[in-house]
Amino acid sequence: MVGPNFRVGKKIGAGNFGFIHLGKDLQNDEDVAIKLEPIKTRSPQLHLEYRFYKSLTNTDGFPRVHYFGPAGKYNALVMDLLGPSLEDLFDLCNRKFTIKTVCQIAIQLLFRMEKVHDKNIIFRDTKPENFLTGRKENQEQNKVYMIDFGLAKEYIDFEGRHIPYREHKSLTGTARYMSINTHLGREQSRRDDLEALGHMFMYFLRGNLPWQGLKADNLKERYQKIGDTKRATPIEELCKGFPEEMAAYLRYSRGLKFDEKPDYNYLRKLFTTIISDGGWVHDDIFDWSELVMSQPSVTQDSSPPKDSQPRRSQGNNAAAAPAAAGGAPAAGAQPTKASARKTETQDYTTCCFWKIKKKK
Ligand SMILES: Nc1ncnc2c1ncn2[C@@H]1O[C@H](COP(=O)(O)OP(=O)(O)O)[C@@H](O)[C@H]1O
Ligand SMILES: [Mg+2]
């Protein structure tokens, strides 16, 4: 049991530092999701995540949180149970989404990201695994929710000032989608959330990104290569064969100043223009809409293989000191056959990568 009335059920997901379980609210018989973090973890972050979720809890497109507290050896965060992630649905649709689907995802996610930013939070972990649809049981399979505030950060301080521009920051986020400025060690701000969304949209349209599958001897070099390839790929080439507005989106987000407030309406307009120019109807019917209805309910374990998970060296706010030894992903490790799959998956697994500190 968690708290007074939540029963813990089977595991449905595994994150970088804990597990997600199915659960039940025994008071009203409603299904819930329960995120568990070992109490003894070196870098607790679930309490911060709870705070972020709480500030968004009655906002459209974010799960409500019902409880946070200890449960045996764990801290538990109880929230609404949602449906499959965009990555699950991408697989279901043979790893390509149509332009209409991507535009409708984009419009919803720009509303979500705007809400997050309105609450003085930057997300810093855009990836398809962190966007879930609602459950078909609730007729919410066409609504995209945002989850996972494990790397989120407040970008406005208690006096209302934007955090200062900094360099030499650790990489926080997921290498495949993160902005070029993040690769360059620049403090993240609203612009980076938007650029990462743009990379994800192009991933959905193209089926892959040019910086996937790069070979490197270690994680640090790998992230460097991903960043170099991002910089070397002209936007026009990345977006070739797709509506010009896709390139405009990326140009705009990459062109934003560090503390500039993005024009979310302008960006949404780019996608509504693509929809109307294509002769489509903006009806929030997605490529998966029909398919999902014929699938069993989502109770599968959607977790990546355990060995592909770099440990989250430190939960949260980069305001805290860089993680002491031990927590960082094995940046110095040489690839071996055994770690081949691990290396392959590391560019889409959340990282919080600090320069290696030698343990004395
Ligand atoms: N509310 C939820 N309902 C259903 N599945 C969830 C929910 N929250 C998380 N999950 C599943 O668990 C996975 C990991 O959860 P997440 O909060 O993203 O943890 P992490 O920070 O470790 O990535 C998600 O990608 C998703 O598949
Ligand atoms: Mg996640």
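The values are calculated or read from the model by the stated rules, or taken from the named source; none is laboratory data. Everything numeric here is computed off the predicted structure, so don't read it as measured data. Every residue, glycine as well, gets a Cβ built from its backbone with ideal geometry; the counts of neighbours run over all protein chains shown. For accessibility, only protein heavy atoms count, side chains too; no ligands or nucleic acids. Shrake-Rupley method; radii C 1.70, N 1.55, O 1.52, S 1.80 Å.
Some values worked out for this structure:
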quantity: G9 long-range amide H proximity, modeled H, under 5 Å; calculated: L22, G23, K24
quantity: Distant alpha-carbon pairs in the stretch 1-154 (separation over 28 angstrom), percent; calculated: 19
quantity: Accessible surface of E244 - all protein chains present, 1.4 Å probe, nearest 10 Å²; calculated: 110
quantity: Probe 1.4 Å - accessible area at V65, Å² to nearest ten; calculated: 20
quantity: Accessible surface ranking that places the most exposed of D148, D284 first, with a 1.4 angstrom probe; calculated: D284, D148
quantity: Kirkwood Rh (inverse of mean 1/r, distinct Cα pairs), the stretch 54-130, angstrom; calculated: 14.6
quantity: Candidate residues E37, E159: accessible-area rank, largest first, probe 1.4 Å; calculated: E159, E37
quantity: Too-long pairs where the Cα-Cα distance tops 29 Å, listed order kept, from K143/K261; K230/K269; K10/K143; K40/K136; calculated: K40/K136
quantity: Calculated from backbone phi, Karplus (6.51, -1.76, 1.60) coupling profile of the stretch 19-26 in Hz, x at Gly/Pro; calculated: 10, 10, 10, 6, x, 9, 8, 6
quantity: Potential extension, A248-N28 segment - 0.36 nm per residue separation minus Cα distance; calculated: 74.4 nm
quantity: The stretch 168-253: trypsin sites (Lys or Arg not before Pro) in DSSP loop, at most 15 other beta carbons within 10 Å; calculated: K215, K240
quantity: Cα centroid separation - the stretch 81-122 against the stretch 260-286, whole Å; calculated: 13
quantity: Calculated from backbone phi, Karplus (6.51, -1.76, 1.60) coupling profile of the stretch 40-57 in Hz, x at Gly/Pro; calculated: 7, 4, 5, 10, x, 9, 5, 5, 6, 4, 4, 4, 5, 4, 4, 5, 10, 5
quantity: For N75, distant residues with modelled amide H under 5 Å away; calculated: E37, I39
quantity: Note, ³J(HN,Hα) from phi for the stretch 275-288, Karplus 6.51, -1.76, 1.60, rounded to Hz, x at Gly and Pro; calculated: 5, 6, 4, x, x, 8, 9, 7, 10, 6, 9, 9, 3, 8
